[in-house]
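Here is the structure we will look at, set down as structure tokens.
No lab work stands behind these numbers, since they all come straight from the coordinates. Not measured: the values here are computed from a predicted model. Heads up, the Cβs are rebuilt from the backbone with ideal geometry, glycines too, and the neighbour counts pull from every protein chain shown.
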Amino acid sequence: MLLAALPALAGFAALLASARSAFAADTATNIAQVSIRDYKFTPALLTVKVGTTVRWINHERRTTHSVLFTGPGGFESERFFPDESWQRRFDQPGRYPYSCGPHPEMSGLVVVTP
Ligand SMILES: [Cu+2]
């Protein structure tokens, strides 16, 4: 699905003024998404390259969620509502396990490769 969208994104980037094209190319290639639905993160295991921004999108009908990193230096995002999202850029390789603050039974893992 992402691969199918890439030509369209590249075409869109080409339409932008040259001053903005570098930014557009960056956002087109370095964002990964995790969807939250039915109290699950999908995909629960996400592998990305260093420098990637991961965006968690809440697709519930009425439940708020957060992203709570449970490893060293962990922290919790703000709670986000249906149709809202929260994102984080990963600049260091490693394994980033997380759960949801209000729903500890939800879990996911981001693996960042060099
Ligand atoms: Cu939750």
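Assorted remarks:
- Once the Cα-Cα distance is subtracted from the 0.36 nm per residue extended length, the Q92 to R37 segment shows a gain of 17.0 nm.
- For region 31-113, the calculated P(r), taken from all Cα-Cα distances in 10 Å bins from zero up to the bin holding the longest distance, is 20, 58, 21, 1 percent.
- 13 Å reach of a label modelled at N30, 7 Å along Cα-to-Cβ, counting backbone N of region 48-67: 49-54
- Simple label model, 7 Å out from Cα along Cβ direction - K49 to V111, nm: 1.7
- Relative compactness, region 66-114, computed as alpha-carbon Rg over 2.2 N^0.38 Å: 1.15
- Proximity of backbone amide H atoms, modeled 1.01 Å from N, is registered between K49 and T113 at under 5 Å, excluding neighbours fewer than 5 places apart on the same chain.
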